[in-house]
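Right, one structure below, let's go through it.
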Amino acid sequence: MKKIAVIAIIILIAAGSIVFSQGKYKVQAEEKVILGYTTPDSTSFQSIRNYHNYLNAIALDTYAFNMQGKLTGETPQEQVDYAKKHDIDTYAVISNFGKTDFDPDLARAVMSDKHAKEHFIAQLASLAEEHNLTGINIDFESIYPEDRDLYTILIKETAQTLHKGNRKTMVSVPAKTVDDAANDWTWPYDYKKIGKYADYVQVMTYDEHGTWSEPGSSASENWVKDTLTFSTAEMAPDKVIMGIPAYGYD
């Protein structure tokens, strides 16, 4: 499955805003998280201003990194200041998106090289501290299946470092209904272990269908229920954040 990045809009995320019951699972988090993803452009900032009453967290998709683990990009300070003024949590999104798509080699570089990883994690902590962010949202996609354990270790060590500064770790993961080693897209993400170390796990309950598949909904009801059933069985339900797509494919 090919993942297409959507960065021109704010995608709303909700944790605990829906009572979900299927089989033996019934989930209702005590604390709701309504998260919007933002980009550096002025339309994102205007969206925050227009809809801040509906949000209690934003994730700033304005950063990148290189093979040596060096962070690049700028913090949209105007967005951060506005969020703080309105008591909205702030997360820096760190993804392995390269020139045209998610880059598994870029992800592997900071997971497998000791010095690059240490530099990468230290910069995440410094970024969060410098701008007084709530935490970091790691969004590594299309990583190699054989890097599953390396990714889990990266999440563990990142969370441990961030927790020392009282910062949170959010991890975005592809949606799945079973842990299938034959599925190259979802296998690299060990829900149980990632859920153990991360404060929140943002399950990407969207892109069920797209240009890589037969026609269909981007997030059909039964598929979303099945993915949430699996997610909440693998990790603490109050850590799970459900994605809501605000787009479609033509």
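What follows draws every value from the coordinates through simple rules; no lab data is involved. This one's a predicted model, so the numbers in the text were calculated from it and none came from an experiment. Counting neighbours? That spans all protein chains shown, and the Cβs are built from the backbone with ideal geometry, glycine included.
Within segment 191-205, the set of residues being free of Cβ contacts under 8 Å to residues at least 60 places away in the same chain and in contact with a strand residue (DSSP E or B) (Cβ under 8 Å, 6 or more places away or on another chain) comprises TYR191, ILE194, GLY195, TYR197, ALA198, VAL201, VAL203, MET204, THR205.
You will find that of ASP238, ASP184, ASP207, ASP180, the residue that is among the acidic types (Asp, Glu) and part of a helix (DSSP H, G or I) is ASP238 and no other. Against the conditions (1) of a type outside the set (A, V, I, L, M); (2) within 25 Å of HIS119 (Cα to Cα); (3) touching a residue at least 60 places away in the same chain (Cβ under 8 Å), where does GLU31 fall short? Just the number, please. Unmet condition: (2). Checked against (1) more than 13 Å from MET235 (Cβ to Cβ); (2) assigned to a loop (DSSP other than H, G, I, E, B), SER172 passes all but condition (2). Would you say ALA125 is within 18 Å of the chain's Cα centre (by Cα) and part of a helix (DSSP H, G or I)? For ALA125, the condition - within 18 Å of the chain's Cα centre (by Cα) and part of a helix (DSSP H, G or I) - is met. Number of residues in segment 187-198 that are surrounded by fewer than 22 Cβ atoms within 10 Å (Cβ to Cβ) and part of a loop (DSSP other than H, G, I, E, B): the value is 2.
Only one entry of ASP113, ASP147 meets the criterion of being of a type in the set (D, E, K, R) and out of contact with any helix residue (DSSP H, G or I) (no Cβ under 7 Å at 6 or more places or on another chain), and that entry is ASP113. GLY36 satisfies every condition listed in (1) free of Cβ contacts under 8 Å to residues at least 60 places away in the same chain; (2) more than 16 Å from the chain's Cα centre (by Cα) except (2).
Filtering segment 81-98 for residues that are surrounded by 19 or more Cβ atoms within 10 Å (Cβ to Cβ), of a type in the set (Asp, Glu) and under 16 Å from the mean Cα position of the chain (by Cα) leaves an empty set.
So which residues in segment 234-250 are over 13 Å from VAL201 (Cα atoms) and either in contact (Cβ under 8 Å) with a residue 12 or more places away in the chain or surrounded by 18 or more Cβ atoms within 10 Å (Cβ to Cβ) (or both), if there are any at all? Spell out how you get there, then give the answer.
Kept after step one, since they are over 13 Å from VAL201 (Cα atoms), are these residues of segment 234-250: 244-250.
Matches in segment 234-250: ILE244, PRO245, ALA246, TYR247, GLY248, TYR249.
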